[in-house]
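Since the structure comes first, as structure tokens, the remarks are kept for the end.
The values are calculated or read from the model by the stated rules, or taken from the named source; none is laboratory data. Note that this is a predicted model, so its numbers are computed, not measured. Methodologically, a virtual Cβ is constructed for each residue, glycine included, from the backbone with ideal geometry; neighbour enumeration extends over all protein chains shown. Keep in mind that these areas ignore ligands, DNA and RNA; they rest on the heavy atoms of the full protein, side chains included. Shrake-Rupley method; radii C 1.70, N 1.55, O 1.52, S 1.80 Å.
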Number of protein chains: 2
Amino acid sequence: MSSDVDEYLKAITQCKGVDKIIIMSGDGFPIKTTVVNEDITQYTYTFWHLAKKVQQLVKTIDINDDVRLVRFRSKKNETLMALDNQYVMIIIQNPKVE
Amino acid sequence: MSSDVDEYLKAITQCKGVDKIIIMSGDGFPIKTTVVNEDITQYTYTFWHLAKKVQQLVKTIDINDDVRLVRFRSKKNETLMALDNQYVMIIIQNPKVE
């Protein structure tokens with residue numbers, strides 16, 4: 001994966017509140033991540049299944065539709081998951097950081 | 001369920017682009033909806049499972065965290081799912097309506 005991606009990762013990492021970034025393939029294999037000292041496969045496994053579940057749901061509503069972005073807010077974090085056919089990028093951030 | 005909810009539903013329905021509204025219990029049973037002539041249980045079944053999957057994922061990241069809002073954007077629609085312990089409200093809208 002090109003150095004462009006590294007540049008993007010570096011830029012996103014410097015945004016306020018960004019905690020974790022994971023890039024995985026459309027099949028759920030981790031490609032790049034800022035997560036250290038944790039079992040990355042636990043994240044990719046769970047996120048991959050969520051991506052499939054959301055895609056399935058979007059197709060239930062309209063078979064010709066495709067999900068592009070999933071965003072969920074919890075008490076502590078905000079998670080963004082951008083999807084296309086080849087890659088899934090996940091950003092976990094703390095929305096309360098000023 | 002009180003007439004307050006009916007008022008809220010009516011107000012949300014009149015917002016531009018809002019297509020479908022579904023309120024279901026925390027167990028996935030439909031309570032109120034604007035969906036007509038369609039099998040509502042197909043929606044509630046799929047949304048309920050998604051809600052559980054997101055909650056599970058949030059707990060994977062932090063066991064003490066709880067999901068509050070899920071939002072996903074597809075090519076055609078935008079879907080919002082607000083969760084608390086008792087109810088789940090789902091709004092499906094067309095974001096391109098001016």
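Scan the stretch A:37-46 and tell me whether some residue there is farther than 20 Å from B:His49 by Cα and of a type in the set (Val, Ile, Thr). Explain how you work it out, then say what you get.
Going through the stretch A:37-46, the residues farther than 20 Å from B:His49 by Cα turn out to be A:37-41.
With the extra rule that they be of a type in the set (Val, Ile, Thr), the set shrinks to A:40-41.
Taking every residue of the stretch A:37-46 in turn, at least one turns out to be farther than 20 Å from B:His49 by Cα and of a type in the set (Val, Ile, Thr).
Among residues of the stretch A:78-98 that are basic (Lys, Arg), those with a beta-carbon under 8 Å from a residue that is open to solvent by less than 40 Å² (accessible area, probe 1.4 Å) at least six positions away or on a different chain give the pairs A:Lys96/A:Gly17. Within the stretch A:1-26, the set of residues being touching a residue at least 60 places away in the same chain (Cβ under 8 Å), over 12 Å from A:Ile91 (Cβ atoms) and either open to solvent by 40 Å² or more (accessible area, probe 1.4 Å) or assigned to a loop (DSSP other than H, G, I, E, B) (or both) comprises A:Lys16, A:Gly26.
Selection of the stretch B:63-98 for residues being open to solvent by less than 40 Å² (accessible area, probe 1.4 Å), of a type outside the set (A, V, I, L, M, F, W, C) and either over 20 Å from A:Leu83 (Cα atoms) or touching an Asp or Glu at 6+ places or on another chain (Cβ under 6 Å) (or both) yields B:Asp65, B:Asp66, B:Ser74, B:Gln93. Candidates are the residues of the stretch A:20-57 that are within 12 Å of the chain's Cα centre (by Cα) and charged (D, E, K, R); the one that is nearest to B:Asp62 (Cα to Cα) is A:Lys20.
Give me the pairs, please: first residue somewhere in the stretch B:63-76 and within 13 Å of B:Val88 (Cα to Cα), second residue anywhere and of a type outside the set (A, V, I, L, M) and assigned to a loop (DSSP other than H, G, I, E, B), beta-carbon distance under 9 Å, and either six or more positions apart or on two chains. Sorted first by the residue in the stretch B:63-76, then by its partner, the pairs are B:Val67/A:Lys75; B:Arg68/A:Lys75; B:Arg68/B:Asp84. All told, A:Phe29 meets the bar of being free of Cβ contacts under 8 Å to residues at least 40 places away in the same chain, aromatic (Phe, Trp, Tyr) and open to solvent by 60 Å² or more (accessible area, probe 1.4 Å). Considering only residues that are modelled with pLDDT under 90, facing chain A (nearest Cβ under 7 Å) and not in a helix (DSSP H, G or I), which ones fall in the stretch B:41-91? Answer for the stretch B:41-91, where residues must be modelled with pLDDT under 90, facing chain A (nearest Cβ under 7 Å) and not in a helix (DSSP H, G or I): just B:Asp62. If I ask for residues that are more than 30 Å from B:Asp39 (Cβ to Cβ) and either in contact with a Pro (Cβ under 8 Å, 6 or more places away or on another chain) or charged (D, E, K, R) (or both), which ones from the stretch A:44-61 would you list? Residue satisfying the conditions is A:Thr44 alone.
Looking across the stretch A:36-62, just one residue is over 17 Å from A:Gly26 (Cβ atoms) and open to solvent by less than 30 Å² (accessible area, probe 1.4 Å), and that is A:Leu57.
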